[in-house]
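These notes are about the structure you will find just below.
The values are calculated or read from the model by the stated rules, or taken from the named source; none is laboratory data. As the structure is a prediction and not an experimental result, all values here were calculated from the model. Cβ atoms come from the backbone with ideal geometry, glycine included; neighbour counts cover every protein chain shown. With ligands, DNA and RNA removed, areas are computed over all heavy atoms of the protein, side chains included. Shrake-Rupley method; radii C 1.70, N 1.55, O 1.52, S 1.80 Å.
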Amino acid sequence: MNRLLAILCAALALALHSSSAAVPTNELVFADFEGDTWGEWTATGNAFGDGPARGALPKQQAVSGFLGRGLLNTYVGGDDSTGTLTSAEFTIKLPYMNFLIGGGNKPGTASINLVIDGEVKYSATGTEDEKLSWHSWQLFPVVGKKARLQIVDSAKGGWGHLNVDQITFSQRPRIIPYFNDAVTRAMASVNDATPRASSDVTRPTYHFTPPANWMNDPNGPIFYGGYYHLYYQHNPFGDAWGHMHWGHARSRDLVFWKYMPIALWPSKEKGEDHVFSGCATTNSRGQLLAFYTSIGQGKSATEYAEQWVALGDADGNTFTKHPGNPILSEKLHGDTKVWDWRDPFVFRDGARTFLVCGGNLNHGKGGQAVVLLYEANDDGLTAWKYRGVLFTHPDAEVKNIECPNFFKLGDRWVLIISPHRRVEYFTGRFDADGGKFLADQRGLMDHSGDYYAPNCMEDPQGRRVLWGWIKGFKGGRGWNGSFTLPRILTMAADGHLRQEPVAQLTQLRGQAHNLQDVKLNNATNHLDAPRGDTLELSVEFEAGDAKQFGLMLRCSDAGAPGVLVSFDGKELEVAGAKSKLSLDGGKLRLRVFLDRSVLEVYANERACFSRVIYPGERDLGLAVFARDGTATVRSLEAWPMKPIIK
Ligand code: FRU
């Protein structure tokens, strides 16, 4: 559809939405499928049976979301049955048609069509979900025309069926139309889930989370057109992994974020099933490009993947897939078979542009987990040559590498990898001509197993900004997944990475509470304030002879310890995750970010921990303690924190 028209429609839709209550008035029900027969509809084939269904049919998963007792369900006899159901002719009198739809995602072969003058003018399909959800068509270009509705099911095999209910004409849409039907559907689903996600008291408020439903890896962070853009792996249709899209948010300052419409979605008509992880960059013409792994319909991501590119608009909001996709295909590797080939990341070395992908060379048997290197042949970044294996993981038990990030920091090169266990970095030298990374230092990006698949960017000030995915939240809450705070990476003189939250985050702090020079002797001191579950704490302890000392978060006044951040002379423990740590001249400096179910800790500017926590719902106490001996709190500052979504 013409873009301008789409924007006008969206604006009109918004205006209509805001001026009235959520339940549309002036809605004409065309079909509610409450009767026992098809009435004035004509059925052919065997997919429809004698009349509407009353929920799920034999061997079908649970069907929900329909209104009343009945719905149209083409699972009669299973997925393989086929047929059509056609309505009597009618005149389109109102500007919107709303209906509930679920079932398979098979454009053209399992769809509801609006036919005018013998041509299909509007069409919709399901989202591989038995739950029916609202779909709206803007009909004002065809108001006054004669039309028929037709439900077609010629699809066989998995998800070869459709569920439809409550077809109505209306003055207004049930959902807000976006620039594309696929995005409209996805956003409607996210909007539906948002009230539930927003009211969940465990959802973080100053760590980035999706508006609702599932999020995993950060994708394509970039500063473009005056904004920081953060995209993310997103399932708009549920709070578990699936249907991978790229969600989108933007910020002027890395502190406050605004949710934007979904930026990338699987192009079902091009055979795509998932838009997996990737990066964003600009080409020599200043155009925004998103590189990502495309997973085809019915394909296993381990066996077969392609790397695709999509061209962004000036706002980084919508992307058009390049007609030349796949821009990198398996053919580049000649006789070498790469398994789990995915997660492109573009980097530059002088005038040369490279790209890395992760994978393995032996079908995940271990010892051949690799990062592969490619070099651009053209300025537009649409032609690439394979340069070979950049890096092989030194540990034989590592089976595969995901989400490689490779970039220069200070005078060294850094490789960050997600090897299906805690995320690691390596630092060393890049031999661009030989196509090899020669690493001589390694470490952990985060000491928690709840942290994975980070992604990073260079910002206009030359800072390397990185976000990681915090995972392991409880399911069934209408949302799932958070990011760490944006961290700035720097290279220490010893060749190891240092990470700290971006300085601007101090804008989120409320009123400070201070404590100084408190000597603890086998004691627990409860602090009066601040209380709450969205806090930042900056603490300096000086070790004495205590066997253990540290902080108790969300502890009860009655003495239940809540969540511990503690040091035992050798190891720092953060909510059960442990790491060796050496004190700095007897000092332990902690920056602690407590954000409901997320706890992020930075210790001695060295070790990071990102944890998912579910302490007692009502316990909001804060305490410092030393067990079996002494320790001193040299200073403690604590702030309540403000939310980041604008
Ligand atoms: C890492 C990962 C990536 C993949 C994406 C799919 O968490 O498995 O390798 O691209 O998630 O959502």
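Note on the stretch 487-597: enclosed strands (runs of 3 or more DSSP E) holding 1 or more residues that are more than 20 Å from Arg634 (Cα to Cα) and open to solvent by less than 50 Å² (accessible area, probe 1.4 Å) are 487-491, 497-501, 534-543, 548-555, 563-567, 571-574, 577-580, 587-595. Filtering the stretch 597-635 down to residues that are farther than 19 Å from Gly562 by Cα and of a type in the set (A, V, I, L, M), which residue is farthest from the chain's Cα centre (by Cα)? In this case the residue turns out to be Ala631.
What number of residues in the stretch 246-265 are within 12 Å of the ligand (Cβ to nearest atom) and open to solvent by 10 Å² or more (accessible area, probe 1.4 Å)? The number of residues fulfilling the criteria is 0. Of the listed requirements (1) under 22 Å from the mean Cα position of the chain (by Cα); (2) farther than 21 Å from Trp214 by Cα; (3) at pLDDT below 95, Lys268 misses just one: (2).
Scanning the stretch 141-157 for residues that are of a type in the set (Gly, Ala, Ser) and either open to solvent by 50 Å² or more (accessible area, probe 1.4 Å) or in a helix (DSSP H, G or I) (or both) yields a total of 2.
To keep it simple, each residue is scored yes or no on (1) part of a strand (DSSP E or B); (2) of a type in the set (Phe, Trp, Tyr); (3) in contact with a strand residue (DSSP E or B) (Cβ under 8 Å, 6 or more places away or on another chain).
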residue	(1), (2), (3)
Phe291	yes, yes, yes
Ser294	yes, no, yes
Glu303	no, no, yes
Pro326	no, no, yes
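Of the residues making up the stretch 590-601, at least one is touching a residue at least 60 places away in the same chain (Cβ under 8 Å) and acidic (Asp, Glu).
Looking at Val190, is it open to solvent by less than 10 Å² (accessible area, probe 1.4 Å), under 27 Å from Ala314 (Cα atoms), more than 16 Å from the ligand (Cβ to nearest atom) and touching a His at 6+ places or on another chain (Cβ under 9 Å)? It is true that Val190 is open to solvent by less than 10 Å² (accessible area, probe 1.4 Å), under 27 Å from Ala314 (Cα atoms), more than 16 Å from the ligand (Cβ to nearest atom) and touching a His at 6+ places or on another chain (Cβ under 9 Å). Inspection of the stretch 394-403 finds no residue satisfying the criterion of being more than 15 Å from the ligand (Cβ to nearest atom), open to solvent by 10 Å² or more (accessible area, probe 1.4 Å), at pLDDT 95 or above and under 19 Å from Cys279 (Cβ atoms). Determine whether the stretch 206-218 contains at least one residue that is among the hydrophobic types (A, V, I, L, M, F, W, C), open to solvent by 40 Å² or more (accessible area, probe 1.4 Å) and either within 17 Å of the chain's Cα centre (by Cα) or more than 16 Å from the ligand (Cβ to nearest atom) (or both). Within the stretch 206-218, none of the residues are among the hydrophobic types (A, V, I, L, M, F, W, C), open to solvent by 40 Å² or more (accessible area, probe 1.4 Å) and either within 17 Å of the chain's Cα centre (by Cα) or more than 16 Å from the ligand (Cβ to nearest atom) (or both).
For Gly367, the conditions (1) on the phi < 0 side of the Ramachandran plot; (2) in a loop (DSSP other than H, G, I, E, B) are fulfilled apart from (1). Taken as a whole, the structure leaves Leu289 outside the set of residues that are surrounded by 23 or more Cβ atoms within 10 Å (Cβ to Cβ), within 15 Å of the ligand (Cβ to nearest atom) and over 25 Å from Gly472 (Cα atoms). Does Ala453 qualify as being under 27 Å from Gly472 (Cβ atoms), in contact with a Cys (Cβ under 7 Å, 6 or more places away or on another chain) and within 13 Å of the ligand (Cβ to nearest atom)? For Ala453, the condition - under 27 Å from Gly472 (Cβ atoms), in contact with a Cys (Cβ under 7 Å, 6 or more places away or on another chain) and within 13 Å of the ligand (Cβ to nearest atom) - is met. Only one entry in Arg185, Arg196 is part of a helix (DSSP H, G or I) and closer than 18 Å to His243 by Cα, namely Arg185.
Filtering Thr320, Thr336 for residues that are closer than 19 Å to Val389 by Cα and not assigned by TED's automatic domain parsing to the domain that holds Lys106 leaves a single hit, Thr336. Quickly run through the stretch 397-427 and pick out the residues that are of a type outside the set (Lys, Arg) and either at positive phi or not in a strand (DSSP E or B) (or both). Correct list: Glu397, Val398, Asn400, Ile401, Cys403, Gly410, Asp411, Pro419, His420, Val423. Elements of the type strands (runs of 3 or more DSSP E) sitting completely within the stretch 64-120 and holding at least 1 residues that are surrounded by 15 or more Cβ atoms within 10 Å (Cβ to Cβ), in contact with a Pro (Cβ under 6 Å, 6 or more places away or on another chain) and touching a residue at least 40 places away in the same chain (Cβ under 8 Å): these cover 96-103. Test of understanding: among Phe347, Phe354, Phe391, which residue is free of Cβ contacts under 8 Å to residues at least 60 places away in the same chain and aromatic (Phe, Trp, Tyr)? After ruling out the rest, the residue left standing is Phe391. Do we find a residue being surrounded by fewer than 23 Cβ atoms within 10 Å (Cβ to Cβ) and within 16 Å of Cys403 (Cβ to Cβ) anywhere in the stretch 468-482? There is at least one residue in the stretch 468-482 that is surrounded by fewer than 23 Cβ atoms within 10 Å (Cβ to Cβ) and within 16 Å of Cys403 (Cβ to Cβ). Can you pull out the residues in the stretch 414-450 that are within 18 Å of Asp343 (Cβ to Cβ) and more than 16 Å from the ligand (Cβ to nearest atom)? Within the stretch 414-450, Val414, Tyr425, Phe426, Phe437 qualify. For the stretch 316-344, filtered to residues that are loosely packed, with under 15 Cβ neighbours inside 10 Å and more than 26 Å from Ile417 (Cα to Cα), the residue that is farthest from the ligand (Cβ to nearest atom) is Pro323. Per the conditions (1) assigned to a loop (DSSP other than H, G, I, E, B); (2) farther than 19 Å from Met97 by Cβ, the sole criterion not satisfied by Thr44 is (1). Val201 passes every criterion in (1) out of contact with any Gly (no Cβ under 9 Å at 6 or more places or on another chain); (2) within 16 Å of the ligand (Cβ to nearest atom); (3) among the aliphatic types (A, V, I, L, M); (4) in contact (Cβ under 8 Å) with a residue 60 or more places away in the chain apart from (2).
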